[in-house]
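Since the structure comes first, as structure tokens, the remarks are kept for the end.
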Amino acid sequence: MGPVPVAEGYARWAPFYDYTPNPLLAREERHLLPLLADVHNKRILDLACGTGRWLERVMDQDGALGVGIDCSAAMLRVARGKSAIQGRLAQAACERLPFRAAAFDLVMCSFALGHIRDLGSMVAELARVTKRGAEVFVSDLHPEAYARGWRVGFRDDSTPVQIEMTPRLAEEIVQTFSSNGFECLTHLPLRLGSPERPIFARAGKADCFHEACQLPAVLVCHFRRLAQASDEPRV
Amino acid sequence: MISQDLLDILVCPLCKKPLVLKPGGESLRCAECRRVYPVRDDIPILLVDEAVTEPS
């Protein structure tokens, strides 16, 4: 069976998304958590926040002002059940952000880029809603892993369900951000490692672990928004 | 209840003008284009297709 549309996929996955051990998310968190150690007084957007995994993490920190949007009502319903992020959620499209200009100091966009139809529009909107110097972290399934058959998806009654996605090369992502006024600080391929081994073991896939570690599993990009003419007050 | 942090920065996704929470908190209205966006379970639905345009 072919991949299901994004809306259908996440509507079906939402009720048990948070309970599905995921080595890709674990690897991403292992990399990004130390980089998000100080978010005090920062306005943070969790773009395509899903069930609010990252939003909940940043709101754990004193003084963080986080909000999240997602296009999936089902994922947001799950997020709404988390007290730290209640009232901080909106349903919206990533290509048409419902935020005023220069609202954010930090943006997270985790495992969503491959579901975005119009990357250019999304990044142009990010340029609008971020302040000069704002940081943006973007992560997704690495295109090399996609090329080797890895997919975003879940098991529904033991049947594997894949969700439609368009793998994006680092070069395309960097080019799109650069042409919208962002500087690329890093773009890194992350391989799985021993901390992810127990997830494979629990899933009964311990024998696949070594091979899985040979591939870049997650692509993480880190951008900083440069000054733009529109930042300056007009005389 | 929608957080004030969020209300402070919300704009119409189409015309980018500020949104105002209507009395009762069941919707947000754009004064510029008169689109009204529903709020369900404290989650604003800021999708253009879900908005209703009020008559002038």
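Below, the figures for the structure above:
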read-out	value
Single residue of region A:57-93 satisfying the filter (of a type in the set (D, E) and out of contact with any Cys (no Cβ under 9 Å at 6 or more places or on another chain)) that is nearest to A:C109 (Cα to Cα)	A:D60
B:M1, sole failed condition from (1) in contact (Cβ under 8 Å) with a residue 24 or more places away in the chain; (2) within 12 Å of the chain's Cα centre (by Cα)	(2)
When residues of region B:1-36 are limited to those that are at the interface with chain A (Cβ under 8 Å from one of its Cβ atoms) and not in a loop (DSSP other than H, G, I, E, B), the one modelled with the lowest pLDDT	B:D5
Elements of type strands (runs of 3 or more DSSP E) contained in region A:144-207, each with 1 or more residues being out of contact with any strand residue (DSSP E or B) (no Cβ under 7 Å at 6 or more places or on another chain) and farther than 25 Å from A:G120 by Cα	A:153-156, A:159-162
Test for A:G120: is it free of Cβ contacts under 8 Å to residues at least 60 places away in the same chain, of a type outside the set (A, V, I, L, M) and either assigned to a strand (DSSP E or B) or in contact with a helix residue (DSSP H, G or I) (Cβ under 9 Å, 6 or more places away or on another chain) (or both)	no
Filtered residue count, region A:76-94, keeping only those that are within 15 Å of A:A48 (Cα to Cα) and part of a helix (DSSP H, G or I)	6
Residues within region A:55-86 that are touching a strand residue (DSSP E or B) at 6+ places or on another chain (Cβ under 7 Å) and either of a type in the set (D, E) or more than 19 Å from A:P98 (Cβ to Cβ) (or both), tallied	4
Looking only at region A:206-225, and only at residues there that are surrounded by fewer than 13 Cβ atoms within 10 Å (Cβ to Cβ) and charged (D, E, K, R), the one that is nearest to the chain's Cα centre (by Cα)	A:E211
Pair list, Cβ < 7 Å and 6+ apart or interchain, from region B:43-54 residues that are under 13 Å from A:A90 (Cβ atoms) and within 7 Å of chain A (Cβ to nearest Cβ) to residues that are part of a helix (DSSP H, G or I) and not basic (K, R)	B:I43/A:L76
In region A:154-188, residue surrounded by the most Cβ atoms within 10 Å (Cβ to Cβ) [restricted to those that are at positive phi and of a type outside the set (S, T, Y)]	A:G181
Residue in region A:15-27 that is touching a strand residue (DSSP E or B) at 6+ places or on another chain (Cβ under 7 Å), of a type in the set (S, T, N, Q) and surrounded by fewer than 19 Cβ atoms within 10 Å (Cβ to Cβ) present	yes
Residue check for A:E144: surrounded by fewer than 19 Cβ atoms within 10 Å (Cβ to Cβ), farther than 30 Å from B:M1 by Cβ and at pLDDT 95 or above	yes
Index of the failed condition, A:L97 passing every other in (1) in a loop (DSSP other than H, G, I, E, B); (2) surrounded by fewer than 21 Cβ atoms within 10 Å (Cβ to Cβ)	(2)
Pair list, Cβ < 7 Å and 6+ apart or interchain, from region A:77-101 residues that are at the interface with chain B (Cβ under 7 Å from one of its Cβ atoms) to residues that are of a type in the set (S, T, N, Q) and surrounded by fewer than 19 Cβ atoms within 10 Å (Cβ to Cβ)	A:R80/A:Q86; A:G87/B:S3; A:R88/B:S3
In region A:102-114, residue surrounded by the fewest Cβ atoms within 10 Å (Cβ to Cβ) [restricted to those that are away from chain B (no Cβ under 12 Å) and assigned to a loop (DSSP other than H, G, I, E, B)]	A:F111
Within region A:36-73, considering residues that are among the polar types (S, T, N, Q) and under 23 Å from A:P5 (Cβ atoms), the one farthest from the other protein chains (Cβ to nearest Cβ)	A:T51
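The values are calculated or read from the model by the stated rules, or taken from the named source; none is laboratory data. Since we're looking at a predicted model, the values are computed, not measured. Every residue, glycine as well, gets a Cβ built from its backbone with ideal geometry; the counts of neighbours run over all protein chains shown.
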